[in-house]
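First up is the structure itself, then whatever we jot down about it.
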Amino acid sequence: MPEAVVQPEASAAPLGQVERVVDAFVAPSKTFADIRRSASWWMPWLIGVVVTLIFGLAVQQKIGWDKTYENILRQTPAQQQRVEALPADQQAHAKQMGANITKYIFWATPLLGLIVAVVSAAVLLATINFGFGGTAKFGQMFAVWMYGTLPWAIQ
């Protein structure tokens, strides 16, 4: 009698990047299992960049960076008091500088996100490998962080 050929399960088939993104929301275990096969992380990062650009353009056109900084000041009373204590000309300069800093930090968000992801992946790697005796690789932890933070894009 011939041996039966064992077919791999459909869930074991490699996922494409779009499938991974969709599964991160509807079947996360498939996405995170597929990261063991390939630690590709660029698609969730690219989605985050696109969402950031769309949001940033909306803020820039509809609200403006000056108003955005004023709203930030209202949320930090101590900083607002320091600015209001300045003479009028220095106050205007401080607000303009604050608006510029807010704008530049916002547009640097994709790069800052990569830096946060590197640090977070290193913490995950140390926790899993040294804390739990695992055998994870840095690239896998980086991809786990990127796919794990995808819900922030729809927040």
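Extending each Cα 7 Å along its Cβ direction at PHE132 and ASN71, get the distance between those two points in nm, one decimal.
Placing both labels 7 Å along Cα→Cβ, they lie 3.8 nm apart.
To test your reading of the geometry: what angle, between 0 and 90 degrees and rounded to tens, separates the Cα axis of helix 109-126 from the longest principal axis of the chain?
50
How large, in percent, is the carbon and sulfur part of the accessible surface of the chain at a probe radius of 1.4 Å?
Ligands and nucleic acids excluded, carbon and sulfur give 66 percent.
Before rounding to the nearest 500, sum -39500 (n - 2.57) across all DSSP H runs of length at least 4 in the chain and divide by the residue total; then give [θ] at 222 nm in deg cm²/dmol.
-21500 deg cm²/dmol
Which chymotrypsin sites (Phe, Trp or Tyr not before Pro) in the stretch 71-140 sit in a loop by DSSP (not H, G, I, E or B) and have at most 11 other Cβ atoms within 10 Å of their own Cβ?
Here the chymotrypsin sites (Phe, Trp or Tyr not before Pro) that fit, given the DSSP loop and packing criteria, are PHE132.
Given the stretch 13-141, what count of lysine pairs have C-alpha atoms under 26 Å apart, with each pair 8 or more places apart or on different chains?
6
Could you work out which residue, out of VAL21, VAL119, VAL144, moves most in a Gaussian network model of the chain, that is, has the largest mean-square fluctuation with Cα springs under 10 Å?
Ranking VAL21, VAL119, VAL144 by mean-square fluctuation puts VAL119 first.
What angle do you read, to the nearest 10 degrees and between 0 and 90, between the alpha-carbon axis of helix 42-58 and the longest principal axis of the chain?
In the chain, helix 42-58 runs at an angle near 30 degrees to the longest axis.
With +1 on each Lys and Arg Cβ and -1 on each Asp and Glu Cβ, and nothing else charged, work out how big the dipole of the chain is about its Cα centre, in Debye to the nearest 20.
Magnitude of the dipole: close to 280 debye.
Rounded to the nearest 0.05, what FRET efficiency do SER29 and TRP152 give with R0 = 22 Å and r taken as the Cβ-Cβ distance? Could you check?
Taking R0 as 22 Å, the efficiency between SER29 and TRP152 is 0.65.
May I ask you to give the solvent-accessible area per residue for the stretch 51-125, in square angstrom, as obtained with a 1.4 angstrom probe?
Accessible area per residue: 67 Å².
What translational diffusion coefficient, to the nearest whole µm²/s, does the stretch 88-133 have by Stokes-Einstein, given a Kirkwood radius computed over alpha-carbon pairs, a temperature of 4 °C and 1.567 mPa s viscosity?
Once the numbers are plugged in, D ends up at 98 µm²/s.
Once the Cα atoms of helix 88-107 and of the chain are each reduced to a long axis, what angle between those two axes, in degrees from 0 to 90 to the nearest 10, is obtained?
10
Please compute the volume of the convex hull spanned by the alpha-carbon atoms of the chain and report it per residue in Å³.
147
Run the simple label-point estimate for GLU19 and ALA85 please: 7 Å along Cα→C-beta, distance reported in nm.
So the label points at GLU19 and ALA85 sit 6.1 nm apart.
The values are calculated or read from the model by the stated rules, or taken from the named source; none is laboratory data. Everything numeric in this text was worked out from a predicted model, so none of it was measured. Ideal geometry is used to build each Cβ from the backbone, glycine not excepted, and the neighbour counts take in all protein chains shown. In case anyone asks, the SASA skips ligands and DNA or RNA and just uses the protein heavy atoms, side chains included. Shrake-Rupley method; radii C 1.70, N 1.55, O 1.52, S 1.80 Å.
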